[in-house]
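The values are calculated or read from the model by the stated rules, or taken from the named source; none is laboratory data. Values in this document were obtained by computation on a predicted structure and should not be read as measured data. Every residue, glycine among them, receives a Cβ derived from its backbone with ideal geometry; neighbour counts consider all protein chains shown. Each accessible area value is taken on the protein alone, full model and side chains, heavy atoms only, with ligands, DNA and RNA left out. Shrake-Rupley method; radii C 1.70, N 1.55, O 1.52, S 1.80 Å.
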Amino acid sequence: MNEKLKPFKKTSPGEIIVRMMDSLGWTQSDLAEISGLGHKKISYLINNKQCITTETAGLLGRIFNKSPDFWMKVALNYEISKKDDNEISKEDLAEAKAQMHKYMPVAEIKRKGWFVSNVSSISEIENEYERLFGQKTFPVKQFENNSLGMAARQTRDDTDFTKYYRSAWFSFAKMYAKKIASSSLNKNSYNEDVLRKIAFSLYTYTTLSNGIEKFLSDISHAGVHFFVLSHLSKTYLDGAAFIESDKPFIVYTGRYDREDNFWFVVAHEIAHILLHYDFLKEPFLDDMEDTKIKNQNEREKEADKQAGIFLNQQEVLKFKWQINRYVTEDRLQRISQASNVSVPIALGMLQHDGVVPWNQFTKYKPKVIHKIPSEYIKG
């Protein structure tokens, strides 16, 4: 026989055997009896668990009136198609991984435990995208066009900066915020008057031994949600303020794990909530060192100025003219007491104003993350 083989690229030998059996009205038992191969071997052939040998090809050729060459080509094409599928699968997975690594610091996020899977397969990658962005692909165009509408401090001259990493960080922040908003931990409605009262006495919290814990408890009663989500590399983020589920959120990254940094960041984010509440559906993502954005963005300038008021900055800086660019520990302590702010806050203000070198009095820059109750730490 010299029949031409039709292209069965993805049709298995077992499927062809079943089709031919069905056309003849045969069962597996019939074929087992006719071929003399036995039930087990016929089952293996039909389920493609056993390759077709030259001997089997000759036998099937006689039974179904097809040449042995036909059956050998069917088996070969099927094996090639399986290999092609595997190669395509490998290429697809490599492409998916490459994209994820381009837009997200995957290894870093894995270390932080933010992924729920190992993102080692296409389905796991798609599931993570679905969890974060509500779709099975990374929303490149959305972030290219900045359609998230990030309100401030979005760009940076630094070549290491990547808005994709920053957008990924914010997506995780939004995800945690949704979980918090839907929980029963804080059912207080936002109260602007209560928050304003807290804000204008913020400097007094800095002097208390339990000031951080009391502050977080008080803003919770004002209906403001707070949590810590550590920064990602190349994002240059210190904090954020935004609305989720009609609730105001403040997020602290701890990029600089220092007490003075914590108070400056939360003061700045509280200022955004009080001054720019109507704009908070577009997140304020803040890099406190980005002086270019500070000088160009009116809302950032307003928030910085108001944060200074909340922390009694004017009272601290009025002493700078008495320092003559040299300050002793004793004088630093007296400035702190006179302005009713903690030593780290007074020092931070004097350093930011260029009165005291940044490398001086490092012992007055205590770490802060360990002072934040664990229920506020999300990642």
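Which trypsin sites (Lys or Arg not before Pro) in region 293-379 sit in a loop by DSSP (not H, G, I, E or B) and have at most 16 other Cβ atoms within 10 Å of their own Cβ?
Within region 293-379, the qualifying trypsin sites (Lys or Arg not before Pro) (loop, at most 16 other Cβ atoms within 10 Å) are Lys318, Arg325, Lys367.
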Q: Could you tell me how many degrees, from 0 to 90 and to the nearest 10, lie between the Cα long axis of helix 211-221 and the main elongation axis, the longest principal axis, of the Cα atoms of the chain?
A: 70 degrees
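Determine, from the Cβ-Cβ distance of Phe200 and Val116 and an R0 of 51 Å, the FRET efficiency 1/(1 + (r/R0)^6), rounded to the nearest 0.05.
Approximately 0.75, to the nearest 0.05.
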Q. What angle, in degrees between 0 and 90 and rounded to the nearest 10, separates the Cα long axis of helix 68-103 from the longest principal axis of the Cα atoms of the chain?
A. 0 degrees
Q) Helix 163-182 versus the longest principal axis of the chain: what is the Cα-based angle in degrees, 0 to 90, to the nearest 10? A) 80 degrees
Q. If you compute Rg/Rh (Cα atoms, Kirkwood Rh) for the structure shown, which of (1) 0.93; (2) 0.96; (3) 1.30 do you land on?
A. (3)
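Give the calculated FRET efficiency between Glu298 and Glu91 to the nearest 0.05, with a Förster radius of 35 Å applied to their Cβ-Cβ distance.
Working: r = 49 Å, r/R0 = 1.40.
E between Glu298 and Glu91, to the nearest 0.05, is 0.10.
Out of region 162-220, which trypsin sites (Lys or Arg not before Pro) are coil in DSSP terms and have no more than 16 other C-beta atoms within 10 Å? Write out the running numbers ahead of the final one.
Numbers: sites: Lys163, Arg166, Lys174, Lys178, Lys179, Lys187, Arg196, Lys197, Lys214; in loops: Lys187.
Passing sites in region 162-220 are Lys187.
Taking K and R as +1 and D and E as -1, what net charge do the other residues with C-beta under 10 Å from the C-beta of Phe172 add up to? Each step should come with its number before you reach the end.
Values: positive: Lys112, Arg131, Lys174, Lys378; negative: none.
Taking every Cβ under 10 Å from that of Phe172, the sum is +4.
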Q. Simple spin-label model, 7 Å along Cα-to-Cβ: Arg331 to Glu282 in nm?
A. 4.5 nm
**Q.** Cβ-Cβ FRET estimate between Asp246 and Lys136, R0 fixed at 30 Å, reported to 0.05
**A.** 0.60
Q) With the dipole of the chain worked out from charges on the C-beta (+1 for Lys and Arg, -1 for Asp and Glu) around the Cα centre, which of Phe242, Val265, Asn118 lies farthest toward the positive end? A) Asn118
Q) How much accessible area does Thr362 have with a 1.4 Å probe, in Å² rounded to the nearest 10? A) 90 Å²
**Q.** Backbone N under 16 Å from the Leu208 label point (7 Å along Cα→Cβ), restricted to region 267-284
**A.** 267
